[in-house]
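Take a look at the structure set out below.
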Amino acid sequence: MSLHRSIAPIDSRRPWWHGTGPYFLILLTTLAIFLAINQTLKNDYKEKLDIQREEIARLQLEAENLQYQKEILEEALLRRIQEVNGLLDKINQMRPDLTVTDEERMLLEKLVTAEARGEDYEGMLAVANVVINRVASESFPSTINGVITQPGQFCPVRTGSIYSMEPDESARKAVADALKGYQVVDGALFFYNPKVVSHGHWIRTRTTITDIGNHRFAL
């Protein structure tokens, strides 16, 4: 009886990976979970990045709007400064208040009423301006009374109708403002009604400043 070992055929041996199935399953599961987490993180970062980009775009738009508003405000401020400077120039050019007696003030109010009766405040102020301008001129008397009563100057004085006039609130305000230096006919020394004065009259040769109400005001 011969003895010999029982050797299994080579092709009947188990492969090296035999029995490792559960480990591969765990590995694949772990890898799948890792990839899923990684993708989730990527999606989160992408979403946050998109939000940041939108925020940056919004801030850039706000910055542009603010710059535009800044330019508008600067232009408005410049215009306001120019307006204020213009008002300051006018104020600086105003004549100081005139010291007048009550009689002179009342006489001027009567003249304004007689000459600009039926006109608005501006028309009355313009008449008062002419009297004040004459007081300041070397070509006329240096007082309100002297200017108004100067012979041959104002028709209501020649006719005497000035003395029966009853000044209203507009006339009194126009005179008060004229005495404070308010002007609507700067430098005017004459006025006349172009509808009444003949075309050959000397006063039409004076340089016209403007027309207010029924009167034409001239230098």
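The values are calculated or read from the model by the stated rules, or taken from the named source; none is laboratory data. Computed from a predicted structure; not experimentally measured. With ideal geometry, Cβ positions are generated from the backbone for all residues, glycine too; neighbour counts draw on all protein chains shown.
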Completion exercise
Apart from one, (1) within 42 Å of the chain's Cα centre (by Cα); (2) surrounded by fewer than 15 Cβ atoms within 10 Å (Cβ to Cβ); (3) not in a strand (DSSP E or B) all hold for VAL185; the odd one out is (2)
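For the stretch 132-146, how many residues meet the condition of being within 15 Å of ALA188 (Cα to Cα) and either outside the structural domain of GLN183 (by TED's automatic domain parsing) or among the small types (Gly, Ala, Ser) (or both)? Quick ask: steps written out before the conclusion?
Looking only at the stretch 132-146, we keep the residues that are within 15 Å of ALA188 (Cα to Cα), and these are 132-140.
With either outside the structural domain of GLN183 (by TED's automatic domain parsing) or among the small types (Gly, Ala, Ser) (or both) added as a condition, the list becomes 136-137, 139.
Summing the residues that are within 15 Å of ALA188 (Cα to Cα) and either outside the structural domain of GLN183 (by TED's automatic domain parsing) or among the small types (Gly, Ala, Ser) (or both) in the stretch 132-146 gives 3.
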Exercise for the section: Would you mind stating whether GLU109 is of a type outside the set (Val, Ile, Thr), in a helix (DSSP H, G or I), at pLDDT 85 or above and closer than 30 Å to SER142 by Cα? Expected result: yes
Problem - Matching residues in the stretch 114-148 - criterion: being surrounded by 15 or more Cβ atoms within 10 Å (Cβ to Cβ), free of Cβ contacts under 8 Å to residues at least 24 places away in the same chain and in a helix (DSSP H, G or I) - result: VAL147
